[in-house]
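Engineer: Below: one structure in structure tokens.
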Amino acid sequence: MQESDDAFLALEFPDEFDFGAFLSTHPGRLDITSAGHTHTASLAVEVWDGLAPVQDTVAWEEQAEADFESVSGQVAVWSMSLGRLDDVITLADSGGSWRVRVSSAGRAEVKALAESEEHIKGVERYLVQFWPAGS
């Protein structure tokens, strides 16, 4: 995920992508590493006015939090295989400082299925929660 307008970025995706980290950050950009490849994961994004509710750690195999600065208040999802997706996530009317929590489930299953020839869809799931920093 990154600023919707990549002109705001000093480092464009996938430059300096860290394949070993579940979540890594660059100015205006969040890199999330999947447990599999050549599959379609599901993604839900929530934007909160205050602190986002903590997710049950039993339901999620991986979770991480980070700071995120947005210049525009709009974020887009980018994929290694598809590039930029059409949907825009509006955090606010203008830029600001945010906290983000990324939770993922289905990682072990998608990793095991990655060696198969079948089309894998929705096995790996992500929940990305944004809330204003300092909430």
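Engineer: Taking only region 80-120 into account, find how many residues are part of a loop (DSSP other than H, G, I, E, B) and either of a type in the set (S, T, N, Q) or surrounded by 11 or more Cβ atoms within 10 Å (Cβ to Cβ) (or both).
Structural biologist: Matching residues across region 80-120 total 10.
Engineer: Just one of Val128, Val123 is in contact with a helix residue (DSSP H, G or I) (Cβ under 7 Å, 6 or more places away or on another chain), among the β-branched types (Val, Ile, Thr) and either more than 23 Å from Thr40 (Cα to Cα) or assigned to a strand (DSSP E or B) (or both); which is it?
Structural biologist: After applying the criteria, what remains is Val123.
Engineer: If you don't mind, another one. Give the number of residues within region 30-64 that are surrounded by 12 or more Cβ atoms within 10 Å (Cβ to Cβ), in contact (Cβ under 8 Å) with a residue 24 or more places away in the chain and either acidic (Asp, Glu) or closer than 18 Å to Pro132 by Cα (or both).
Structural biologist: Selection size over region 30-64: 11.
Engineer: I'd like the full set of residues that are at pLDDT below 85, within 13 Å of the chain's Cα centre (by Cα) and among the aliphatic types (A, V, I, L, M), limited to region 39-92.
Structural biologist: Listed by number, the residues that qualify are Ala41, Met80, Leu85.
Engineer: Inside region 21-38, can you point out the residues that are at pLDDT 80 or above and part of a loop (DSSP other than H, G, I, E, B)?
Structural biologist: Ala21, Phe22, Pro27, Gly28, Thr33, Ser34
The values are calculated or read from the model by the stated rules, or taken from the named source; none is laboratory data. From a predicted model like this one, the values you see are computed outputs, not experimental measurements. Note: ideal-geometry Cβ built from the backbone for every residue, glycine included; neighbour counts use all protein chains shown.
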